[in-house]
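Heads up: the structure comes next, in structure tokens.
Any read-out appearing in this document is the output of simple, stated calculations on the displayed coordinates, not a laboratory observation. Quantities reported herein were computed from a predicted structural model and do not represent experimental measurements. Cβ sites come from the backbone with ideal geometry, for glycine too, and all protein chains shown count toward neighbours.
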Amino acid sequence: MAVGTGILRVPKEAKKGEIIRVQMVITHPMNPARKDPQTGQTVPAYHLTKLDLLFNDKLVSTINMGAGVSANPFIAIAMKVEESGVVKIAYEDNKGGKWEKTAEIKVS
Amino acid sequence: MDRRRFLTLSAVAMVGLTALPALKPAFGASKLEEEVQKRLGVALSQVKESPEVKLTAPTIAESGANVPITVESDIPIDKVEQLWIFVDKNPSPWITDVKLTPMNGRVFFSTRIKMGETSNVRAILKLKDGSFVMATKEVKVTAGGCG
């Protein structure tokens, strides 16, 4: 998969006021800046820096990260839902890449 | 100066010179403490361990490249502001920080992190009243995952 491809998973249905679990996996190498032990050349850092979790365009959480997070980061976070709507994640890396991913949830 | 005094003096000087660089790191702040000071704005010694923060991590991780950790807390979400995760002995101890809002419902965060060697993992929560609480767990790493 190409770098930056994301999978966002939320339950299809939930009760009003329920606390759901939002899970996501993003394809990204998450390389720290380091020296190659064989060639001695510096390999530049390439990792995600920021991820916003939004619900109906309202900011729920901001996650800042560095290269300390594993490659192809998996993140799970809690969220309370009061109404039906769209869950969106917007994430960016240190080389200017920006992506978005949405998922819908029905609340009864 | 006679020969005996010259010898003792030079011996003392030699010991002093060789021991000084080795002693230096003990006086300077460690990388973790610097990072905590920079990111949180307070010293690590002011962060208190609390049983209210639950940090779940494996006791022994087979690979340091993928260590699953989960942070949970029963502290009401409207009293919590932010969450940090640090690994003591990583080349860069700061892993991630999460800004939480009442829309999160409760404190729950799970991810996978890299660890260079066996060390402590710390989860620090900042509360609305400005205080910090922390949970610490040691994870043994058999194969490092940095680089």
**OP:** Specify which of the listed residues (A:LEU59, A:LEU51) is surrounded by fewer than 17 Cβ atoms within 10 Å (Cβ to Cβ) and either closer than 30 Å to A:SER84 by Cβ or of a type outside the set (S, T, N, Q) (or both).
**Re:** A:LEU59
Original post:
Is there any pair linking a residue in region B:129-140 that is more than 12 Å from B:GLU81 (Cα to Cα) to one that is of a type in the set (D, E, K, R), with Cβ under 8 Å and at least six apart or on different chains, and which?
Top reply: B:MET134/B:LYS48; B:MET134/B:GLU49; B:MET134/B:ARG122; B:ALA135/B:GLU49; B:ALA135/B:LYS54; B:ALA135/B:ARG122; B:THR136/B:GLU49; B:THR136/B:ARG122
Original post:
In region B:48-72, what count of residues is obtained for those that are within 14 Å of chain A (Cβ to nearest Cβ) and either in contact with a helix residue (DSSP H, G or I) (Cβ under 7 Å, 6 or more places away or on another chain) or not in a loop (DSSP other than H, G, I, E, B) (or both)?
Top reply: 9
Original post:
Mind checking which residues of region A:19-46 are part of a strand (DSSP E or B) and either under 22 Å from the mean Cα position of the chain (by Cα) or not charged (D, E, K, R) (or both)?
Top reply: A:ILE19, A:ILE20, A:ARG21, A:VAL22, A:GLN23, A:MET24, A:VAL25, A:ILE26, A:ASN31, A:THR42, A:VAL43, A:TYR46
**OP:** Look at region A:64-108 and say how many of its residues are in a strand (DSSP E or B), more than 7 Å from chain B (Cβ to nearest Cβ) and touching a residue at least 12 places away in the same chain (Cβ under 8 Å).
**Re:** 19
Original post:
What is the residue count in region B:75-92 for residues that are more than 8 Å from chain A (Cβ to nearest Cβ), in contact with a strand residue (DSSP E or B) (Cβ under 8 Å, 6 or more places away or on another chain) and not aliphatic (A, V, I, L, M)?
Top reply: 7
**OP:** Could you grab me the full set of residues in region B:96-122 that are more than 7 Å from chain A (Cβ to nearest Cβ), under 16 Å from B:MET134 (Cα atoms) and either out of contact with any strand residue (DSSP E or B) (no Cβ under 9 Å at 6 or more places or on another chain) or hydrophobic (A, V, I, L, M, F, W, C) (or both)?
**Re:** B:VAL107, B:VAL121
Original post:
Can you pull out the residues in region B:87-133 that are more than 16 Å from A:PRO73 (Cβ to Cβ), part of a loop (DSSP other than H, G, I, E, B) and aliphatic (A, V, I, L, M)?
Top reply: B:LEU100
